[in-house]
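Notes follow once the structure below has been shown.
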Amino acid sequence: DFEVSEGMASYLEARALDEVGETAAAADVWKNYKDTLTQNQATDTTVAWPDGCNQIDVVASGIYSRESYAKGALFLRAVERHVGTANFDGFLALFFKTWLHRAAGMQDLLDVLEAATGYDASACAAAYLKTPGPLPQDCL
């Protein structure tokens, strides 16, 4: 899925900066993601995880946008904060090992997340990534 690849890459960009001690740069990246969504909240119709992903035109559908990248990264960051960094890192290791040399979809990511951490993020993923707008307050 587009959301797994682009959301994950965007999350890892900011996370890597934090891990190497570039905390100010990481904070700027996270702020940029939040600002992207805040600035476009009134007009954003981005559904980052549309039904039929891998069967749609990413340009024509609007999924190929800054909002989609930001939503994916912020969702993963919220999950990391919910389960803890050590548990999230364990999930990442299992996810990449499980899906090595194969394409994974968002449901695959959610399945590995639950297997690794015991946390089922399916409802929050659907509420946030399958609809436009901000992360619901009751999620994570």
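For segment 93-108, the tally of residues that are at pLDDT 95 or above and either open to solvent by less than 30 Å² (accessible area, probe 1.4 Å) or of a type in the set (S, T, N, Q) (or both) stands at 2. Of the residues making up segment 10-28, those that are assigned to a helix (DSSP H, G or I) and open to solvent by 80 Å² or more (accessible area, probe 1.4 Å) are E13, E19, T23, D28. The set of residues in segment 110-131 being surrounded by 14 or more Cβ atoms within 10 Å (Cβ to Cβ), of a type outside the set (S, T, N, Q) and either under 12 Å from the mean Cα position of the chain (by Cα) or not in a helix (DSSP H, G or I) (or both) consists of L110, Y119, A121, C124, A125, A126, Y128, L129, K130.
Checking each residue in segment 96-107 for being under 14 Å from the mean Cα position of the chain (by Cα) and not small (G, A, S) picks out M106, Q107. Where residues in segment 70-92 are touching a residue at least 12 places away in the same chain (Cβ under 8 Å) and open to solvent by 60 Å² or more (accessible area, probe 1.4 Å), which of them is farthest from A115 (Cα to Cα)? Only one residue fits best here, namely R81.
The values are calculated or read from the model by the stated rules, or taken from the named source; none is laboratory data. Given the structure is predicted, the values throughout are model-derived calculations rather than measurements. Cβ: placed from backbone, ideal geometry, glycine included. Neighbour counts: every protein chain shown. What goes into the accessible areas is simple: the full protein's heavy atoms, side chains included, and nothing from ligands, DNA or RNA. Shrake-Rupley method; radii C 1.70, N 1.55, O 1.52, S 1.80 Å.
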